[in-house]
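Right, one structure below, let's go through it.
The values are calculated or read from the model by the stated rules, or taken from the named source; none is laboratory data. None of these values were measured; they are calculated from a predicted model. Note: ideal-geometry Cβ built from the backbone for every residue, glycine included; neighbour counts use all protein chains shown.
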Amino acid sequence: MRFFGENLSCVRGERLVFSGLDFAVEPGTALVLTGSNGSGKTSLLRVMAGLTRPTEGQLAWDDGPISDDPENHHRRLHFVGHLDALKPVLSVHENLDIWARLQGGIEKKIASALKKLMLEGFENIPGRYLSAGQRRRLSLARLAASDAPLWLLDEPTIALDAPSVAAVRSLIAEHRTNGGMAVIATNVDLGIADTTTLNLLDFTASNEDIWEGVT
Amino acid sequence: MIQQYANPARFNRLATTLMPWFAWPAGILIVAGLYFALFNSPPDYQQGDTVRIMYVHVPAAWMALFVYTSMAISSAVGLIWKHPLAHLSAQAAAPIGACFTFVCLLTGSLWGKPMWGTWWVWDARLTSVLILFFLYLGFMALQNAFDDPRRGERSAAILAIIGFINVPIIKFSVDWWNTLHQPASVVKMSGPAIHSSMLIPLFMMGVGFTLYFGALLLLRMKTLMLARRARGMSMAQLHQQAAE
Amino acid sequence: MSALTLILHREIRLALRQISDSAIIVLFFVLAAVLFPFGVGPEPNMLARMAPGVVWVTALLAAMLSFERLFTPDYEDGSLEQLALGPAPLEMVAIAKAAAHWLTTGLPLMIAAPLIAVLYRLPDAGYGALITTMALGTPTISLIGTVGAALTLGSRRGGVLLSLLVIPLIIPVLIFGTAAIDAAISGFAVGQHLMLMGGFLLGALVLTPLATAAALRQALE
């Protein structure tokens, strides 16, 4: 099933970040969002996730707009943002367990997710002892711990070393082979084959001043 | 994007046109009302001349409730239809309402001194108004507590609606609490019937206060719109510099 | 397991791992209540007269201190985003949060309340009403406090601001909570008070999750 957005615009703070933006992701494809800092990559991802409502335009799956059934949309996606959503007092396994189970994940998948992100053997370590890279990997392990067709990733490889980046790359490749789709905001080349690129700078808009003419 | 917002520039012109129509009648009614209240109405047979505080106190109490209601309605409109002028109107009304509430408390206290021999009594009405005053303060504090003004106005709007639902509950509780703790020693504020020589100036003051509120609201909304515009311009400049 | 129980589970597990957070709130409750006799003197009749009010007011103040931590850690570490993106609507998250807050703060306060009443020599007739009003009132406070916590999320001066918003809204709970205990001590019927408190609780249960969810959506945007 296709996920797409039409004529999207987004205001952050008091600034129009982008406008007139269209996109579509098909099963098995990956969309890479590029653009300089502040061009709205994160904003667009949050709009796609349904955390921020677009100021204009709408997002939809083939079976209807996401605003009709936001919970159903949430069930179809994984969002890995800048923040890790990890608790220092919970163990690695517990940290992953809660998010995976909320999305309908099962124990076997949780164990294999930890393995894929090279966190095997760390299960009982409390979150507070993890390094930045390990935290990032644990956060990415959510992707593999439960099934969702749409992955929304914000700079997924930040703080990761080369073997971890390779692990993430193969995770995304596997997801796409299984008919999944991914939207990745990044400014570094992740070496993912066969992607579509969306440059946010093409959609910057001059700020309409709604208070103009007030004297 | 502009379609979903009513045009602020048009509103600004409308406000400029309307303002004198509020301000002048307000001034005339308040001056005339005060003249009747202070010189041309009878002293109360029990309370003497102190009853004249009523002509400010009672309209201020009306306004305290009226302004809060208007704030809650604008807030709901702002949240439902995402109308920036609605939030602006709630934001503009809050300090005016708080001032009316404060005047009501102050005159109540001044009235209390000769009548009850003390500046403050835990009279049900005064206590409810005091809590209303805190609701106003909370609204204004929440509105200003965020770096992003949009977040502040929306959060404050939710609070205004919660407060509005709560006002009758608080009023009921305080009335009930007061009858429990305060036997009927408190002087009834209104006599059995108010004579028309008192009712007319009271009514004039009430209408005058309402029109005065209208004029102030328009003025404050204009000021707030200008402030928004100034901020928008400096932000645009900032981003332009960043882009160069 | 349903999403509600999963979230509740998580909250309780987190609270148990940081049990000192709850303990500090109860400690503050006891300490604040102990302060009054030093201020007003140890005269037993006066303390007994003050007991219902002191217990209720200090419990409210202690609860105020606990609300700031309700959403802030989840907001700052991104957990709130994940909860919002979960399969459960935010209204349900709000109920789970309030329930967890009650279990980890309201319930301990309720258990500590009779101990303070003993220190104040509350007449025996008042204990039943004290516990019942606490049982009806503390969940209402948890629910209303959850709204306040969500509204002030990410603001400057969060904690103090939160108290400023929430305290006026919970005055009815205080009024009927203490009135019921006073009535019980004087041998009057308490049913009416308890019914009103139950009404407040039901009203809060229906309305506050909507407000909390709306506030959380604003905070996450």
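Against the definition (touching a residue at least 60 places away in the same chain (Cβ under 8 Å), touching a Leu at 6+ places or on another chain (Cβ under 9 Å) and under 16 Å from C:THR140 (Cα atoms)), how does C:PHE29 come out, yes or no? It is false that C:PHE29 is touching a residue at least 60 places away in the same chain (Cβ under 8 Å), touching a Leu at 6+ places or on another chain (Cβ under 9 Å) and under 16 Å from C:THR140 (Cα atoms).
For every residue, the table says whether it meets (1) touching an Asp or Glu at 6+ places or on another chain (Cβ under 7 Å); (2) within 9 Å of chain B (Cβ to nearest Cβ); (3) over 23 Å from B:LEU132 (Cα atoms); (4) outside any loop (DSSP other than H, G, I, E, B).
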residue: C:ALA113; (1), (2), (3), (4): no, no, yes, yes
residue: C:VAL118; (1), (2), (3), (4): no, no, yes, yes
residue: C:ILE141; (1), (2), (3), (4): no, no, no, yes
residue: C:GLN192; (1), (2), (3), (4): no, no, yes, yes
residue: C:THR208; (1), (2), (3), (4): no, yes, no, yes
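Out of the residues in the range C:55-80 that are of a type in the set (D, E, K, R) and touching a helix residue (DSSP H, G or I) at 6+ places or on another chain (Cβ under 7 Å), state the one that is surrounded by the most Cβ atoms within 10 Å (Cβ to Cβ).
We begin by selecting, within the range C:55-80, every residue of a type in the set (D, E, K, R); these are C:68-69, C:74, C:76-77.
From what is left, the residues that are touching a helix residue (DSSP H, G or I) at 6+ places or on another chain (Cβ under 7 Å) are C:68-69, C:74.
Working: C:GLU68: 19, C:ARG69: 18, C:ASP74: 24.
Result: C:ASP74.
Just a yes or no: is a residue in the range C:10-18 buried (at least 19 other Cβ atoms within 10 Å of the Cβ), within 11 Å of another protein chain (Cβ to nearest Cβ) and free of Cβ contacts under 8 Å to residues at least 12 places away in the same chain?
From the range C:10-18, those buried (at least 19 other Cβ atoms within 10 Å of the Cβ) are C:10-11, C:14; that's our starting set.
Filter once more, keeping what is within 11 Å of another protein chain (Cβ to nearest Cβ): C:10-11, C:14.
Narrowing further to those that are free of Cβ contacts under 8 Å to residues at least 12 places away in the same chain: C:10, C:14.
Checked against the condition, which is being buried (at least 19 other Cβ atoms within 10 Å of the Cβ), within 11 Å of another protein chain (Cβ to nearest Cβ) and free of Cβ contacts under 8 Å to residues at least 12 places away in the same chain, the range C:10-18 yields at least one hit.
Among the numbered conditions (1) within 14 Å of another protein chain (Cβ to nearest Cβ); (2) part of a strand (DSSP E or B); (3) crowded, with 21+ Cβ neighbours inside 10 Å, the only one that A:ALA85 does not meet is (2).
How many of the residues in the range C:143-158 are in a helix (DSSP H, G or I) and surrounded by 24 or more Cβ atoms within 10 Å (Cβ to Cβ)?
9
For the range B:144-157, the criterion of being within 12 Å of chain C (Cβ to nearest Cβ), assigned to a helix (DSSP H, G or I), crowded, with 22+ Cβ neighbours inside 10 Å and not small (Gly, Ala, Ser) is satisfied by at least one residue. In the range B:225-240, the residues that are under 16 Å from A:GLY213 (Cβ atoms) and facing chain A (nearest Cβ under 7 Å) reach residues that are surrounded by 15 or more Cβ atoms within 10 Å (Cβ to Cβ) and among the polar types (S, T, N, Q) with C-beta atoms within less than 8 angstrom, at least six apart or across chains, in these pairs: B:MET225/B:ASN12; B:GLY232/A:ASN207; B:ALA236/A:ASN207. Contact map, the range A:66-87: first residue free of Cβ contacts under 8 Å to residues at least 12 places away in the same chain, second residue charged (D, E, K, R), Cβ cut-off under 6 Å, separation 6 or more or different chains; pairs are A:LEU83/C:ASP77. Scanning the range C:120-135 for residues being surrounded by fewer than 22 Cβ atoms within 10 Å (Cβ to Cβ) and assigned to a helix (DSSP H, G or I) gives a total of 5. Going through (1) closer than 21 Å to A:ILE110 by Cα; (2) under 16 Å from the mean Cα position of the chain (by Cα); (3) of a type in the set (Ser, Thr, Tyr) one by one, A:THR195 falls short only on (1).
Please find, among C:ALA214, C:ALA180, C:ALA184, C:ALA204, the residue that is buried (at least 19 other Cβ atoms within 10 Å of the Cβ) and under 30 Å from A:ALA49 (Cβ atoms). Spell out the reasoning first.
Numbers: C:ALA180 fails: under 30 Å from A:ALA49 (Cβ atoms); C:ALA184 fails: under 30 Å from A:ALA49 (Cβ atoms); C:ALA204 fails: under 30 Å from A:ALA49 (Cβ atoms).
Criteria check complete, one pass: C:ALA214.
For the range C:159-176, the criterion of being in a loop (DSSP other than H, G, I, E, B) and at the interface with chain B (Cβ under 9 Å from one of its Cβ atoms) is met by none of the residues. Restricted to the range A:46-75, and to residues there that are surrounded by fewer than 16 Cβ atoms within 10 Å (Cβ to Cβ) and more than 10 Å from every other protein chain (Cβ to nearest Cβ), the residue that is nearest to C:ALA15 (Cα to Cα) is A:ASP69.
Of the residues A:LEU119, A:LEU114, which is in a helix (DSSP H, G or I), touching a residue at least 12 places away in the same chain (Cβ under 8 Å) and surrounded by fewer than 23 Cβ atoms within 10 Å (Cβ to Cβ)? First the steps, then the outcome.
Working: A:LEU119 fails: in a helix (DSSP H, G or I).
Step by step, each of A:LEU119, A:LEU114 is checked, and only A:LEU114 is in a helix (DSSP H, G or I), touching a residue at least 12 places away in the same chain (Cβ under 8 Å) and surrounded by fewer than 23 Cβ atoms within 10 Å (Cβ to Cβ).
Quick one: in the range A:92-110, of everything that is facing chain C (nearest Cβ under 10 Å) and surrounded by 16 or more Cβ atoms within 10 Å (Cβ to Cβ), which residue is farthest from C:GLN82 (Cα to Cα)? Restricting to residues being facing chain C (nearest Cβ under 10 Å) and surrounded by 16 or more Cβ atoms within 10 Å (Cβ to Cβ), the top hit is A:GLU94.
Annotation: of all residues in the range A:157-215 being assigned to a strand (DSSP E or B) and surrounded by fewer than 16 Cβ atoms within 10 Å (Cβ to Cβ), the one that is farthest from the other protein chains (Cβ to nearest Cβ) is A:THR196. So, C:LEU103, is that one assigned to a loop (DSSP other than H, G, I, E, B) and either polar (S, T, N, Q) or out of contact with any Gly (no Cβ under 6 Å at 6 or more places or on another chain) (or both) or not? No. Candidates A:GLU107, A:GLU94: the one that is modelled with pLDDT under 90, charged (D, E, K, R) and within 19 Å of C:ARG10 (Cβ to Cβ) is A:GLU107. Report yes if some residue within the range C:82-90 is surrounded by 17 or more Cβ atoms within 10 Å (Cβ to Cβ), under 21 Å from the mean Cα position of the chain (by Cα), within 11 Å of chain A (Cβ to nearest Cβ) and within 26 Å of C:PRO139 (Cβ to Cβ); otherwise report no. Within the range C:82-90, one or more residues are surrounded by 17 or more Cβ atoms within 10 Å (Cβ to Cβ), under 21 Å from the mean Cα position of the chain (by Cα), within 11 Å of chain A (Cβ to nearest Cβ) and within 26 Å of C:PRO139 (Cβ to Cβ).
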